[in-house]
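Structure, as structure tokens:
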Amino acid sequence: MSTTDVDDFIQQNRALADQVETFRGYWESEKHWQPRREFILRNINDFQLQQLDHLLSLSMVWANNVFLGCRYSTELLEKVKEMAEGIEVEDAPVFKTRDEIMKKQQGR
């Protein structure tokens, strides 16, 4: 779903879009919320109402990994990356592990 597709979806599904807006955390900047909202909208039809908390948790895992560099199990990251395929994040930070930093310093 491109940004245009997301906007079209929101226009056609106003009640659902309004519900999704309630999931935004007060701490989320527009830069963080827009991609997470797209993640939720792309995947919401794959989850039943009683599974909504699971979807929201997965959206937070994805956002925390992308924006904060949080690390999770390989299996979980593969799942959320697959769910987020095609979502474009502008100016996403790039994180390096301690091992990558140490290896670079040792190579000097």
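The values are calculated or read from the model by the stated rules, or taken from the named source; none is laboratory data. Please read all numbers here as calculations on a predicted model, not as lab measurements. Note that each Cβ is placed from the backbone with ideal geometry, even for glycine, and that neighbours are counted across all protein chains shown. Heavy atoms of the whole protein, side chains included, go into the accessibility calculation; ligands, DNA and RNA do not. Shrake-Rupley method; radii C 1.70, N 1.55, O 1.52, S 1.80 Å.
Within region 39-65, the set of residues being open to solvent by 40 Å² or more (accessible area, probe 1.4 Å), assigned to a helix (DSSP H, G or I) and either hydroxyl-bearing (Ser, Thr, Tyr) or farther than 17 Å from Ala92 by Cβ (or both) comprises Arg42, Asn45, Asp46, Leu49, Gln50, Gln51, Asp53, His54, Ser57. Checking the structure you have, find out if any residue of region 31-38 is loosely packed, with under 14 Cβ neighbours inside 10 Å, in contact (Cβ under 8 Å) with a residue 12 or more places away in the chain and at negative phi. So far as region 31-38 goes, yes, one or more of its residues are loosely packed, with under 14 Cβ neighbours inside 10 Å, in contact (Cβ under 8 Å) with a residue 12 or more places away in the chain and at negative phi. Look at Glu100 and say whether it is of a type in the set (D, E, K, R) and either in a loop (DSSP other than H, G, I, E, B) or surrounded by 11 or more Cβ atoms within 10 Å (Cβ to Cβ) (or both). Here the answer is no, as Glu100 does not meet what is asked.
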